[in-house]
Number of protein chains: 2
Amino acid sequence: MHKTYSLRNSRAPTASELQAPPPPPSTTKSRFFGRASLASTFRKNAAGNFGPELARKLSQLIKTEKGVLRAMEVVANERRAAARQLSLWGAENDEDVSDVTDKLGVLLFELGELQDQFIDKYDQYRISMKSIRNIEASVQPSRDRKDKITDEIAHLKYKDPTSTKIPVLEQELVRAEAESLVAEAQLSNITREKLKTSYNYQFDSMRELAEKFALIAGYGKALLELLDDSPVTPGEARPAYDGYDASRQIIMDCEAALEAWTLDIAAVKPTLSFHQTVDDVYEELDDEIEEQEPEPEPEQEQELEEEPPLDEEDEEIIEDDVEQLHPEEHEQDVVDDVEEHHHDENNTTNPQF
Amino acid sequence: MHKTYSLRNSRAPTASELQAPPPPPSTTKSRFFGRASLASTFRKNAAGNFGPELARKLSQLIKTEKGVLRAMEVVANERRAAARQLSLWGAENDEDVSDVTDKLGVLLFELGELQDQFIDKYDQYRISMKSIRNIEASVQPSRDRKDKITDEIAHLKYKDPTSTKIPVLEQELVRAEAESLVAEAQLSNITREKLKTSYNYQFDSMRELAEKFALIAGYGKALLELLDDSPVTPGEARPAYDGYDASRQIIMDCEAALEAWTLDIAAVKPTLSFHQTVDDVYEELDDEIEEQEPEPEPEQEQELEEEPPLDEEDEEIIEDDVEQLHPEEHEQDVVDDVEEHHHDENNTTNPQF
């Protein structure tokens, strides 16, 4: 495993990139000009050049996220325009093509609407990150003051060790240090709190958007099945189309599914392999089975789903690594944290903002 | 149910829009200038003004999709830039913030990479739609010719009913009609075939992207749990961070999950309510149970998942509607089609392109 899992070092291609032959690069990608928009490049540089030193990096991040938001807005608008175009084109075709494209248009338009809602949520994340930037900017002066007094004392001690100014400055330094201690504690607390809530909110919004996109794609595939694509010979008439009710029902089912969706019934779940010994693994599995048993009538309401298979070799390597580097007590703590968190997730639907 | 489920009529707000209070609109949204980019507006109008009449609407759709692609490319690039910025900002913070932001950066960067791959696939859909536009453009001349000859005959019959030109033109018309018949059959066949494969491919790519996004969001939330966000008092030191292995393992688990993902193990599944009688419902459920039984050791490898609950009232309304409007034989055909399709989906991983 020579991969570093860090953005600060260069990154080897993943196995899936090497394995699955991807389609050729999109013909619409710009090859000659820069890869980001001019406006966002300017915004980022400007944010990095002004303001207190400490807050510059985060200002750049916040400006970059503004670029993400603006670009997502264009995607959402273009998506809705494409949905309308599809519906308009289909209207001039035969009945089945006309109905299916119109309904597809409804689904694709909904993608744009959902993305538009996601943009508003993403902006909340960005605004929340701004409060970290603000505390960073306000901590800078107290750091500067402390440094300045320390320098002054050192300078005086070298030039005139008997100066009466030294004790005065030393008292001032004690006060400055006290202020700085408070400021640094505030910075540490607010950074962690806001970082956690901001990204939790972003990830929750992303899960919602992603699962709803996946749902819509599924219903879209069902709609396509209504198209009669068996080839006809010249002069042969196609059987009359009578899928209007079916297509309407697919849209209604889709709408019901989208409306009923909450984080509690999210289908995509990450599987974490935080296990060290065989006992840990079995204990956890027992718990899981116990939790599942009380649920009523599993034959009708539930579906069996396979967990994504984990490569056995990889798991061994992971476990070896962990055993080498990791004291066992802490590992357990982390597992507890993550589990606790997962339970929280199931109980609360709205992120606390 | 006064909604029309069509893009060609205006649309009432959905219940979920009325019910869940959304956040305020994003501050980054452009309020004064048009909502689409200038370039794409121009492209769309240009595509609508030239070329054969029949192919204009689809040309506009294809141009609009080009706008979608370009905008998505900007999003992907900005996302990756934001991921790098987050990692750079975090590097100057305490160890735990530094490690978590760096690993978050890896996950967010992966979002950009996945979206980049999706762009290439979306372009394949667009290229496939172009073949419908091309057949439309090539069918136009044969329609025009037929119309022209018909007009000429009508004109001659009015002006000079005994003209010897009439039988010649009538023979020409028969030939033109034969050619037109073939052309229309080709148009009908190719339109349906390509429409179906194009959108099936797009929806499959979308499902992949969406489920992978949802996975990454889940792992991202696990990463955030490593942040120690308990507030400290001024002067108090935070306990030393030792989550390096846990964070590395989350990334490795995420990578493994992303690599193992295929359409076969897609978690988000649409639920269709294409049932008329109680017997239909039970027959289907029996089939499903039989299919699932042969799988080995369900306690260890599988997880019980609840299907998203369907509102009972909605289902009743839907069933009433269907019974009123729908002959039973056809309804069954559609159900069969959709089922067949779902089986296909499970067998083939790659769309046939």
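Quick one: which residues, 5+ away or cross-chain, put their amide H under 5 Å from the amide H of B:S26? H built at 1.01 Å from N.
A:D120
Got a sec? What order do A:E110, B:E152, B:E211 fall in by accessible area at 1.4 Å, biggest, i.e. largest, first?
B:E152, A:E110, B:E211
Provide the per-residue ³J(HN,Hα) series for the range B:61-73, in order, calculated from phi with Karplus coefficients 6.51, -1.76, 1.60 and θ = phi - 60°, each as a whole number of Hz, with x at glycine and proline positions.
4, 5, 5, 5, 5, 4, x, 4, 4, 5, 5, 5, 5
Counting alpha carbon pairs within less than 8 Å and at least 6 residues apart, what relative contact order, in whole percent, applies to the range A:160-269?
Numbers: 24 pairs, mean separation 41.1, N = 110.
This gives 37 percent for the range A:160-269.
Ranked by accessible surface with a 1.4 Å probe, highest first, in what order do B:L181, B:L107 come?
B:L181, B:L107
How high is the relative contact order of the range A:80-221, in percent, counting Cα pairs under 8 Å that sit 6 or more residues apart?
Dividing the mean separation by the residue count of the range A:80-221 yields 30 percent.
Rounded, prolate or oblate: which fits the range B:61-218, taking a ≥ b ≥ c as square roots of the Cα gyration tensor eigenvalues, rounded meaning a/c under 1.5, else prolate when a/b beats b/c? Write out the running numbers ahead of the final one.
Numbers: a/c = 8.37, a/b = 4.42, b/c = 1.89.
Cα axes put the range B:61-218 in the prolate bin.
In Å², rounded to the nearest 100, what is the total accessible surface buried by chains A and B against each other with a 1.4 Å probe?
Using a 1.4 Å probe on protein heavy atoms, the buried area is about 16500 Å².
Going down the table (A:K66/B:K121; B:K66/B:K130; A:K103/B:K212; A:K66/B:K103), which pairs top 20 Å between alpha carbons?
Result: A:K66/B:K121; A:K103/B:K212; A:K66/B:K103 exceed 20 Å.
Just to check I understand the Karplus step: with θ = phi - 60° and J = 6.51 cos²θ - 1.76 cosθ + 1.60, what whole-Hz values come out for the range B:126-133, glycine and proline as x?
5, 5, 5, 5, 4, 5, 5, 4
Between the range A:71-109 and the range B:162-194, how far is it from one alpha carbon centroid to the other, in angstrom?
After rounding, the separation between the Cα centres reads 31 Å.
Does the range B:59-116 come out rounded, prolate or oblate, given a ≥ b ≥ c as the square roots of the eigenvalues of its C-alpha gyration tensor, rounded meaning a/c under 1.5 and, failing that, prolate meaning a/b above b/c?
It is prolate, given that a/c is not under 1.5 and a/b is the larger ratio.
Over the range B:99-142, with the other protein chains present, what is the accessible area per residue in square angstrom, probe 1.4 angstrom?
Heavy-atom accessible area per residue stands at 22 Å².
Any idea of B:V174's accessible area? Nearest 10 Å², probe 1.4 Å.
90 Å²
Report, largest value first, the span of the C-alpha coordinates of the range B:131-212 along each principal axis, in whole Å.
The Cα atoms of the range B:131-212 stretch 74, 17, 13 Å along their principal axes.
What ³J(HN,Hα) values, in whole Hz, does the Karplus curve 6.51 cos²θ - 1.76 cosθ + 1.60 give for the range A:178-190 when θ = phi - 60°, with x put for Gly and Pro?
Result, ordered by residue: 5, 4, 5, 4, 5, 4, 5, 5, 4, 4, 4, 5, 5 Hz.
Between A:T262 and B:T150, with labels modelled 7 Å along Cα→Cβ, what's the label distance in nm to one decimal, could you check?
6.0 nm
The values are calculated or read from the model by the stated rules, or taken from the named source; none is laboratory data. This structure is a prediction, so every number in the text was calculated from the model and none was measured. Here the Cβ is made from the backbone with ideal geometry for all residues, glycine too, and neighbour counts use every protein chain on show. When the accessible area is computed, the model is the full protein with side chains, heavy atoms only, and any ligands, DNA or RNA have been set aside. Shrake-Rupley method; radii C 1.70, N 1.55, O 1.52, S 1.80 Å.
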